[in-house]
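Trainee: Let me begin by handing over the structure; questions about it come next.
The values are calculated or read from the model by the stated rules, or taken from the named source; none is laboratory data. As the structure is a prediction and not an experimental result, all values here were calculated from the model. With ideal geometry, Cβ positions are generated from the backbone for all residues, glycine too; neighbour counts draw on all protein chains shown. To get the accessible areas, we keep the full protein, side chains included, count just its heavy atoms, and leave off ligands, DNA and RNA. Shrake-Rupley method; radii C 1.70, N 1.55, O 1.52, S 1.80 Å.
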Amino acid sequence: MINKRIPVLILFLFSGVLLAQKIEADKVVVKVLSFNILHGATTNGSFDLEIIANVIKKADADFVSLQEVDFKTNRAQKYDLPTELGYRTKMVSVFGRAMYYDGGEYGEAVLSKTSFLSTRNMALLYTKGNEPRAALEVTTVLKSGDTISFIGTHLDHLKEGTDRVLQAKAINTAYRNSKYATILSGDLNDTPNSSAINILESFWKASYNKENPLFTFPSNKPNKKIDYVLFYPKNKWQVISRETICDTIASDHCAYLVTLQLVR
C-alpha cells in the first residue's frame, strides 16, 4: 500500500530547503579590512607595493581602510599609493589628505569593490604642533541594494592621549545622525579600555572579542591591539568572524579582517 503522506512530506522538505537557500541568499555579508601600510615602505625598506597588495588580495575584503598613506611624496617615489594599490587589487580607491608632507600629501585611503555614491574627508581636531588627522568616509550601494557608509581613520599616535580623545569625540558627534548603517575602521593608536576607545565604544559597537581581542601590533610579535573595526547602529550589524593577517614585511601592523552581516 502506498503511503499518500510521503509525497506531501517530500514536498514539505523540498520547500524547507528552498526557504533555507533563500534566507542564505538574502544575507548581506560585508568583509572589512583595516591595514596600516607604513607609507608603502615595507619593514625591510624595499618599497614593494606588490607585497602590500598581496595582503589585501588575500583578505578579499569588500572595503579596506588604509592608514599611513602617501600621495606623491618624495619618500614614496612620487607614487599615488591609493591609485597604485587600487590598480593592483582591482578595487576603486579614494584618498583623504590629513596634511601636506614631503613634497606631496599624507593621510588615509579607502579601497572598495563597489563604486561610491559620495565621499567626504573630515579633518579631525588636534593640538597645535601635533600631527593633523582625518576621517575619510565613503557611501555606497551594495549589490543587495542596501546603502551603507564606511569610514577609515587614523587617530593620534602620541603616548599622551589628549588628541585621541578630541578625535574620538569629534567622530562620535559627526556620525550621531548618520542615516545609513555605518562601519568605522582604522588604526586608533590605543588599546581596549583606554579613554579614547571607551569614548568611541559608548557610541559604536566594537567587533573584537573582549576576552581575545587579537593583537595587531607589532606584526612580528603582536602584543597589543590598536587596529579596529566598529559599527553603528549597534543592532544593525552582527560579527561573523574576525582574524589578523600578520605579514612581517608588508607592514609593522597586522591587518585586521572582520566579516559582518547586515541586519535588515
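Trainee: Give me the distance between the Cα centres of the stretch 33-90 and the stretch 205-224, rounded to whole Å.
Mentor: About 21 Å separates the Cα centre of the stretch 33-90 from the one of the stretch 205-224.
Trainee: Restricting to bridges with both residues inside the chain, how much of the DSSP beta-bridge set is antiparallel, in percent to the nearest 5? It would help to have the intermediate numbers written out before the result.
Mentor: Numbers: 55 of 67 bridges.
Bridges in the chain that DSSP calls antiparallel: roughly 80 percent.
Trainee: For LYS234, give me every one of the aspartates and glutamates with a C-alpha distance below 12 angstrom, ignoring sequence neighbours fewer than eight places off in its own chain.
Mentor: Partners found: GLU201.
Trainee: Please calculate how many Å² of accessible area the chain carries per residue, with a 1.4 Å probe and no DNA, RNA or ligand atoms counted. Each step should come with its number before you reach the end.
Mentor: Working: 13020 Å² over 264 residues.
In whole numbers, the chain has 49 Å² accessible per residue.
Trainee: Okay, next question. Give, in nm to one decimal, the length gained when the segment between VAL29 and LEU117 is fully stretched (0.36 nm per residue of separation minus the Cα-Cα distance). The partial results should precede the final answer.
Mentor: Details: separation 88, 0.36 × 88 = 31.68 nm, distance 1.95 nm.
Taking 0.36 nm per residue and subtracting the Cα distance, the gain is 29.7 nm.
Trainee: Another one. Just one of (i) 88, 38, 38; (ii) 99, 38, 31; (iii) 57, 54, 34 is Cα extents along the principal axes in Å as worked out from the coordinates here. Which one is it?
Mentor: (i)
Trainee: Please determine, in degrees from 0 to 90 and to the nearest 10, the orientation of helix 162-174 with respect to the longest principal axis defined by the Cα atoms of the chain, where the helix direction is its Cα long axis.
Mentor: 40
Trainee: Could the peptides 161-170, 96-105 be put in order, highest first, of the mean number of other beta-carbon atoms found within 10 Å of their residues? Display every interim value, and only then the final one.
Mentor: Working: 161-170: 20.6, 96-105: 17.4.
Ranking the peptides 161-170, 96-105 by packing returns 161-170, 96-105.
Trainee: Using the alpha-carbon atoms, what tilt in degrees (0 to 90, nearest 10) does helix 49-59 show relative to the longest principal axis of the chain?
Mentor: Helix 49-59 sits roughly 30 degrees off the main axis of the chain.
Trainee: What is the extension gain from ASN177 to ARG88, computed as 0.36 nm multiplied by their sequence separation minus the C-alpha to C-alpha distance, in nm to one decimal?
Mentor: Values: separation 89, 0.36 × 89 = 32.04 nm, distance 3.55 nm.
28.5 nm is the gain from fully extending ASN177 to ARG88.
Trainee: In whole percent, how big is the carbon plus sulfur part of the accessible area of the stretch 50-168, probe 1.4 Å, protein atoms only? Could the numbers behind the result be given before it?
Mentor: Details: 2690 of 5310 Å².
Taking all protein chains in place, the stretch 50-168 shows 51 percent carbon and sulfur surface.
Trainee: Run the reach check for LYS72 against lysines, Cα to Cα strictly under 27 Å, same-chain hits fewer than 8 apart removed. What comes back?
Mentor: Here the lysines satisfying the reach criterion relative to LYS72 are LYS57, LYS58, LYS90, LYS113, LYS128.
Trainee: A follow-up question, please. Compute the relative contact order of the chain as a whole-number percentage, counting only Cα pairs closer than 8 Å that sit 6 or more residues apart in sequence.
Mentor: Details: 606 pairs, mean separation 51.0, N = 264.
Averaging sequence separation for qualifying contacts and normalising by length gives 19 percent for the chain.
Trainee: Same structure, new question: Over the stretch 146-209, what is the mean sequence separation of C-alpha contacts under 8 Å (at least six apart), divided by residue count, expressed as relative contact order in percent? Let's see the in-between values first.
Mentor: Values: 62 pairs, mean separation 27.9, N = 64.
Once normalised by length, the contact order is 44 percent.
Trainee: For the chain, what is the charge dipole size about the Cα centre, in debye to the nearest 20, if Lys and Arg each add +1 at the Cβ and Asp and Glu each add -1 at the Cβ?
Mentor: 1140
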